[in-house]
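The values are calculated or read from the model by the stated rules, or taken from the named source; none is laboratory data. Small disclaimer: the values here were computed from a predicted structure and weren't measured. We place every Cβ from the backbone using ideal geometry, glycine too, and count neighbours over all the protein chains shown.
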Amino acid sequence: MGASRATHPTRRGKPVLAETIRLALRAVWRNALRSFLTVLGVVIGVGAVIAMVIVGQGSTASVQDDVASLGTNLLIVTPGQQSMGSGTTAGVVANFDFDDLDAIMQQIPGVAVVAPVSETRMLAVAGNQNHATQIVGTDNRYLEARDWPIEAGRTFYESELRTGAAACILGQTPAAELFGGGDPIGETIRFRQISCRVIGVLEPKGASSLGTDQDDMILIPIRAFNRRISGNQDVGVIMVSLADTVEPIRAKADIERLMRERRRISPNEEDDFTVFDMEEITSMLTGITSVLTGLLSGVAAISLLVGGIGIMNIMLVSVTERTREIGIRLAIGATTWQVLLQFLVEAIVLSLIGGLIGIFLGLGLGYLGTRMLSVPFWPDLQIIVIAFAFSACVGIIFGYFPARRAARLNPIDALRYQ
Amino acid sequence: MSVATAQSDTPAPRLIELSGVTKVYGTGAGEVRALRGIDLQIAKGEFVAIMGPSGSGKSTAMHILGCLDTPTAGNYRFMGHTVSDFDRDQRALLRRNYLGFVFQGYNLMPRTSALENVELPLIYQGLPTAERRARALDALAKVGLDGRESHDPSELSGGQQQRVAIARAIVTGPEVLLADEPTGNLDSARSHEIMALMTDLNHTDGITILMVTHEHDMADYAQRLVHFIDGRIARDTPNTPGQASAG
């Protein structure tokens, strides 16, 4: 005990943060069950936020991936004025026809491929198997525009396209559903009264982010589609693939001008068709996921708030329970700040433990979620750091009031507390 | 011990000086005047017993002397500093560095080993772990508890717990040890052991001791007896330890 002492009685000591953290960990560990129940709100909040964001980002990445797999230089011309997410007004407006395709191909600079697409959903039957799938009336240019090779068999012959022959190319899904492991080439399938021969099978493309199976379709010549299914000469949608040399924005404007002309839209009227470029399609699709992610994250953030209130509640109980302990600490020379720090650190330790458990829970749930939606699992370090920081903030904000209450206790009142 | 005093040329340094100290609890009809004007000087190295019936204000005086409570009016000077002007944290630092407390109910941290209890004031002083441990072990040895460092308070007898409390109070090398009924929960044999220990600290380490008690044979260990009655000092007499026990 030979330490020399400063002469003034109010000499200050060094900060004691390390000891305070050790003390807080011990206090938390001593009431392990209570601590766990206290932080459960934060665990669920952080876990939910992280899971939501992981699934949301996975979906977004997957959508972008899908759209990229369509080809970045693709434009899609649809009838009707379509806006994001809302339905189309098609039906009252005229569809396209084959002349529109030719006009685009010939008059718009930089257009590589133009493909007609008309589609409907139908039940396809082969033997005693059936499968509801998308019937797409198109031609070989569709495969070119989407850069989608054939896995087995062949594409349509020119003669088949010209005459609208009953020939079809199966996506992977109907091929598997209708023929199991067997080879479908040369087999016959039926939908409605049409029976057609399978001439080829597409390579697999996989599920899209929104859960739609891109392989779930059957291609038939568009003339066959028109004659036997739609009963008109229309083209539902025009798919335009651009050369790499041309700006999509430029081509889009050109097509809009051309189509206004062809459809005789006067200058003061709005378009009765829409040209989407891939960026718009991406933002439309990711828009849906980000709105959903935002909503769910908001709900999750509220549970984090509730978790914080839970921590505050237990810290207030703890301060009351430990009034005598606080009295002793004050008596042996703890300053207001040291007592405040002790309880604040305890609240922060609690919420950080909750945050940590929540991060692992969120990663686990996010993994399961991305698996279920078959979207990529790419946990984002940034969101983990944010969640961790957020739970620290919850601790600081909701721990401060109880800690201040402890620190402001009068030493003698605290010592006498029974 | 190397307790260096700054005022080496002042004769008989006044460690503690209370003048006109009053303490009033509550207001209006419920007002309780616990201290009605106390003047008291205590010199360095004294062993003072504060006595009096319950409600006489002796505990209140002790709490004010220990900076656990503040006077309503009057002046309290400690080592020349006007403590009555100190703010909350300055009082905390004064308690930390210059005062040690021993209570009737021991007031040890539960589920915390004897060693860690004794280390606690040193943690607040910000000492490094190794030095803390060494000094805490020293203090425990001094109160005769070597070998019990790792025991929890619940594993120690009352007398042993009070020894831990004394070790905790002296581990910082304080000027003053304030003991509030330190033997109130102990049997006679244990009480005398504790008093012997405190006398020893007073003699060998020169620690000033202020002890509140209502037991005459405990007060008899002190060199000076201050009697409180109705919030005032009624008698302030010197005492020769070991002689008054018969009367």
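Do any helices (runs of 4 or more DSSP H) lying entirely in region B:83-158 carry at least 3 residues that are more than 11 Å from chain A (Cβ to nearest Cβ) and not hydroxyl-bearing (S, T, Y), and which ones are they?
Those helices (runs of 4 or more DSSP H) span B:129-142.
Which residue is farthest from the chain's Cα centre (by Cα), if the candidates are limited to region A:61-87 and must be surrounded by 14 or more Cβ atoms within 10 Å (Cβ to Cβ) and at pLDDT below 70?
Only one residue fits best here, namely A:Q82.
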Practice task
Could you pull out the residue among A:V275, A:V246 that is more than 30 Å from A:R197 (Cβ to Cβ), hydrophobic (A, V, I, L, M, F, W, C) and touching a Leu at 6+ places or on another chain (Cβ under 6 Å)?
Solution key: A:V275
Exercise for the section: Output the residues belonging to region A:137-157 that are closer than 18 Å to A:S241 by Cα and of a type in the set (V, I, T). Expected result: A:T138
Exercise for the section: Kindly check whether there is at least one residue in region A:368-375 that is in contact with a helix residue (DSSP H, G or I) (Cβ under 6 Å, 6 or more places away or on another chain), of a type outside the set (D, E), farther than 25 Å from B:L122 by Cβ and outside any helix (DSSP H, G or I). Expected result: yes
Problem - Residue match in region A:329-343 (condition: under 24 Å from A:A392 (Cβ atoms), among the polar types (S, T, N, Q) and surrounded by fewer than 21 Cβ atoms within 10 Å (Cβ to Cβ)) - result: yes
Practice task
From (1) at pLDDT 85 or above; (2) more than 20 Å from the chain's Cα centre (by Cα); (3) buried (at least 20 other Cβ atoms within 10 Å of the Cβ), pick out the condition that doesn't hold for A:V55.
Solution key: (2)
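The rows are residues; the columns are (1) closer than 22 Å to A:L381 by Cα; (2) surrounded by fewer than 21 Cβ atoms within 10 Å (Cβ to Cβ).
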{"position": "A:V291", "(1), (2)": "yes, yes"}
{"position": "A:V299", "(1), (2)": "yes, yes"}
{"position": "A:V306", "(1), (2)": "no, yes"}
{"position": "A:V345", "(1), (2)": "no, no"}
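Quick check on region A:149-165: of everything there that is surrounded by fewer than 18 Cβ atoms within 10 Å (Cβ to Cβ) and hydrophobic (A, V, I, L, M, F, W, C), which residue is farthest from A:A112 (Cα to Cα)?
The initial filter retains those residues of region A:149-165 that are surrounded by fewer than 18 Cβ atoms within 10 Å (Cβ to Cβ), namely A:149-154, A:157-159, A:162-164.
Imposing the further condition that a residue be hydrophobic (A, V, I, L, M, F, W, C) reduces the set to A:150, A:152.
Working: A:I150: 20, A:A152: 26 Å.
Applying the filter and picking the extreme gives A:A152.
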Problem - Of all residues making up region A:309-350, the number that are more than 7 Å from chain B (Cβ to nearest Cβ), touching a residue at least 24 places away in the same chain (Cβ under 8 Å) and under 29 Å from B:L127 (Cα atoms) - result: 21
Exercise for the section: Answer yes if at least one residue in region B:54-71 is surrounded by fewer than 14 Cβ atoms within 10 Å (Cβ to Cβ), more than 10 Å from chain A (Cβ to nearest Cβ) and either assigned to a helix (DSSP H, G or I) or modelled with pLDDT under 95 (or both), and no otherwise. Expected result: yes
Fill in the blank from the handout: When every residue in region A:103-118 that is at pLDDT 90 or above and of a type outside the set (A, V, I, L, M, F, W, C) is compared, the one surrounded by the fewest Cβ atoms within 10 Å (Cβ to Cβ) is A:S118
Problem - Flag if A:D139 is at pLDDT below 90, in contact with a Pro (Cβ under 9 Å, 6 or more places away or on another chain) and not aliphatic (A, V, I, L, M) - result: no
Exercise for the section: Could you please tell me which pairs satisfy a Cβ distance under 8 Å, a separation of 6+ or placement on different chains, a first residue in region A:236-256 that is of a type in the set (K, R), and a second residue that is buried (at least 19 other Cβ atoms within 10 Å of the Cβ) and at pLDDT below 90? Expected result: A:K252/A:L75; A:K252/A:V275; A:K252/A:D277
Completion exercise
All-but-one check, B:Q41 against (1) touching an Asp or Glu at 6+ places or on another chain (Cβ under 8 Å); (2) within 23 Å of B:D205 (Cα to Cα); (3) within 11 Å of another protein chain (Cβ to nearest Cβ); (4) surrounded by fewer than 21 Cβ atoms within 10 Å (Cβ to Cβ), failing number (3)
